[in-house]
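Visitor: Below is a structure I'd like to ask you about.
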Amino acid sequence: MDIDDLLAEVAVDSVPRELRDLQELTRCWVAERVAPEILPWPSELMDRVLDRIRRQIELVEDQTGDMNPKTNFKLIIIQTELERFKFLVRSFLRARLNKIDQHPLHIQSLHDASLDMLQPLLSHSEYQYLTSHQSLLAAHYSTSFLGQFPASLQRLDDITGGISMIDKPDEDKAVFVRVLRDIGDIAVEGTDRRFNMKRGDVWVVRWSAVKKWAIGTGTGDLELI
Amino acid sequence: MALPLPPGLTPPEIAFLCEMELVTVIPRQRLEGLELLGGRIKPLNPPHRTNIPLWLALLLKRQRRANILPPAWLNAHSLNAILDHEIEHEDTFSPPPRLPPQPSNNTLPTSPPFLANNTADAAPDALPYHWLELGEMLLEAASDDFEEPDNVRKLLRDLREVRMAKLRKSADVLDAGGGFQMNGVGGMEVGESRSFVTGVIDGLRKIAASREQQRKDREREELENGYSGTAGDYDDDEMDMQ
């Protein structure tokens, strides 16, 4: 370890919590917009960010009465930044809602399976949205047409006959990734592809082949771009 | 409420990301330090240079409260050198900026837009990840802070054309397995080529899906049985398919 490394270590660890949260949130947003499937809900990060946004809004409300031009300009900066943060959070949540809408039953089963783990797949409100939306849909279908079908054909999640009714996202879709730490050799299952992933590389690969190294779903050695 | 957009970032979203890059400004007015959500902004004291996020720099510039110092790579001299490199090496992009030293294991490494690749004292010999967006935005909002804005604009366009040609040429080597290296690619270039590149890879994969499934099954079987004597047969199959 030479002096550069030592300095870097000090520098990284001294990055303020707020800036690190912004970096993490940005990564989560990009990943959620790009990944073919829904990623685990970053609950601690979101709690911190939402709490900070709430306090900042209170600050803005407190100070808007002040007509002094100097504080006024400060307030403009604060509000501009607040809007940027709100956009990040909103776009992140909407990207997740979109995935929940597309594959509700699949995500519900994944969420149920992830409850024992450290990080559940969905937040509480997302799960609430998923279940109530699903029950509304199911009730609507059954009153409008499903009720007239024979009982054996009424299910929405039939998996008999070798074909599952539950739609899944395509986990083999190609994604762009940036490698954050050296990973080494990667093989794509079912093909002759072998390659070496080094720090700083940008690759186009199947999501399923690199998922276990990605931030959010794995060790955090690479990020989606 | 759900976002009606397909996967992948749109150009405005990429520009939004780019606005988080740090740039160097020379303030013309004092501004007290601010506690923002994304961390503290240091007080601005003219004429001391300070690094601040691009969105704030653009806001200050628009109100004539600061001048922006273009990044070290964004001038005619550096761009000329990079363009020469791009033209000389037909198959690869010019290398990205040197990475900062590896951080300790328990912290997440930073990556663009949070690396200081666009400040006045950054590396002058490499295009950072958000080079195109940043160059365009600075030329539009702060062209009076450049020495030769027209020349820089022309060079950026040349670079873009050379690099787009490389991206288009890369379509020849795409195949179903993916695993395609693109070091040095820019953010906007990823956004532009994403649907094409991933579309080709995914399409080829679907065509070869049944063959791949066969092979996967066979490999699993071999793993269970503990021998690999069928590799030769597999090659024959492949010949027939083509």
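Visitor: Leaving out ligands and nucleic acids, and using a 1.4 Å probe, what accessible area per residue does chain B come to in Å²? Mind showing how you got there, number by number?
Guide: Working: 12620 Å² over 242 residues.
Accessible area per residue, chain B: 52 Å².
Visitor: How big a patch of accessible area, both sides summed and in Å² to the nearest 100, lies buried between A and B at a 1.4 Å probe? Don't skip to the end; give the middle numbers.
Guide: Values: alone 15020 and 15860 Å², together 24440 Å².
Adding both sides of the contact gives about 6400 Å².
Visitor: Which three numbers, in whole Å and largest first, are the semi-axes of the equivalent ellipsoid of the range B:1-48 derived from its Cα gyration tensor as √(5λ)?
Guide: Numbers: eigenvalues 222, 36, 11 Å².
The three semi-axes for the range B:1-48 are 33, 13, 8 Å.
Visitor: Do any residues of the range B:102-147 show a loss of at least 30 square angstrom of accessible area between the isolated chain and the full protein assembly, using a 1.4 Å probe, and if so which?
Guide: Those residues are B:102, B:103, B:104, B:107, B:108, B:109, B:110, B:111, B:114, B:129.
Visitor: Taking only the alpha carbons of chain B, what extent do you get along each of the three principal axes, in Å, biggest first?
Guide: Cα spread of chain B along its principal axes, largest to smallest: 75, 41, 40 Å.
Visitor: Sticking with this structure for a sec: According to the square roots a ≥ b ≥ c of the eigenvalues of the Cα gyration tensor, what is the shape class of the range A:170-225, taking rounded for a/c under 1.5, prolate for a/b larger than b/c otherwise, and oblate for the remainder?
Guide: Numbers: a/c = 1.61, a/b = 1.18, b/c = 1.36.
Oblate, because a/c is 1.5 or more while a/b does not exceed b/c.
Visitor: Same structure again: Rounded to the nearest percent, how much of the accessible area of the range A:45-142 (1.4 Å probe, protein heavy atoms only) is carbon and sulfur? Mind dumping the intermediate values first?
Guide: Working: 3160 of 5480 Å².
Taking all protein chains in place, the range A:45-142 shows 58 percent carbon and sulfur surface.
Visitor: May I pose another question? What are the equivalent ellipsoid semi-axes of the range B:1-104, built from the alpha-carbon gyration tensor (square roots of five times its eigenvalues), in whole angstrom, biggest first? Can you show the working numbers first?
Guide: Details: eigenvalues 171, 107, 46 Å².
Here the semi-axes work out to 29, 23, 15 Å.
Visitor: Related question: Compare each residue of the range A:193-215 in its chain alone against the assembly with all protein chains, and report those whose accessible area goes down by 40 Å² or more; 1.4 Å probe, heavy atoms.
Guide: At a threshold of 40 Å² (probe 1.4 Å), the residues of the range A:193-215 that become less exposed are A:193, A:199, A:202, A:203, A:204, A:206.
Visitor: Further question on the same structure: At 222 nm, what helix-only mean residue ellipticity would chain B give, in deg cm²/dmol to the nearest 500, using -39500 (n - 2.57) for each DSSP H run of four or more?
Guide: Values: 8 runs with 111 residues, N = 242.
Mean residue ellipticity, 222 nm, calculated: -15000 deg cm²/dmol.
Visitor: Using a 10 angstrom Cβ neighbour count of at most 15 plus a DSSP loop assignment to flag exposed GluC sites (Glu not before Pro), which longest range of chain B is free of such sites? Walk me through the numbers on the way to the answer.
Guide: Values: sites that count: B:32, B:90, B:147.
The longest such stretch corresponds to B:148-242.
Visitor: Counting only heavy atoms of protein chains, what accessible area per residue, in Å², does the range A:170-225 have with a probe of 1.4 Å? Intermediate values should be presented prior to the final figure.
Guide: Details: 2050 Å² over 56 residues.
For the range A:170-225, the per-residue accessible area is 37 Å².
Visitor: Related question: What is the Cα coordinate range of the protein assembly as shown on the first, second and third principal axes, sorted by size from largest, in whole angstrom?
Guide: 75, 58, 44
Visitor: For chain A, just say rounded, prolate or oblate: build the C-alpha gyration tensor, square-root its eigenvalues into a ≥ b ≥ c, call rounded for a/c under 1.5, and beyond that prolate if a/b exceeds b/c, oblate if not.
Guide: Details: a/c = 2.92, a/b = 1.26, b/c = 2.32.
Judged from the Cα gyration tensor, chain A comes out oblate (a/c at least 1.5, b/c at or above a/b).
Visitor: Name the residues of the range B:28-43, by number, that are at least 20 Å² less accessible with every protein chain in place than in the isolated chain; the surface is that of heavy atoms, probe 1.4 Å, without ligands or nucleic acids.
Guide: B:31, B:32, B:34, B:35, B:36, B:37, B:38, B:39
Visitor: Distance in nm between label sites at residue A:102 and residue B:91, each 7 Å beyond Cα in the beta-carbon direction?
Guide: Result: 3.5 nm between the two label points.
Visitor: Straight-line reach only, C-alpha to C-alpha below 19 angstrom: list the lysines that residue B:42 could link to, leaving out same-chain residues fewer than 8 apart.
Guide: Excluding near neighbours in sequence, the set is A:70, A:74, B:61.
Visitor: Moving on. Test of understanding: in a Gaussian network model of chain A with alpha carbons linked when under 10 Å, which of A:25, A:137, A:50 would top the mean-square fluctuation ranking?
Guide: Greatest mean-square fluctuation among the candidates belongs to A:137.
Visitor: Another question, if that's okay. What does the helix-only formula give at 222 nm for chain A: each DSSP H stretch with n ≥ 4 adding -39500 (n - 2.57), the total divided by the residues, and the result rounded to the nearest 500 deg cm²/dmol? Before the final figure, lay out each step's value.
Guide: Working: 7 runs with 120 residues, N = 225.
Here the helix-only value at 222 nm equals -18000 deg cm²/dmol.
The values are calculated or read from the model by the stated rules, or taken from the named source; none is laboratory data. Since the structure is predicted, the reported quantities are computational estimates derived from the model, not experimental observations. Ideal geometry is used to build each Cβ from the backbone, glycine not excepted, and the neighbour counts take in all protein chains shown. The area values use the complete protein model at the heavy-atom level, side chains included, leaving out ligands, DNA and RNA. Shrake-Rupley method; radii C 1.70, N 1.55, O 1.52, S 1.80 Å.
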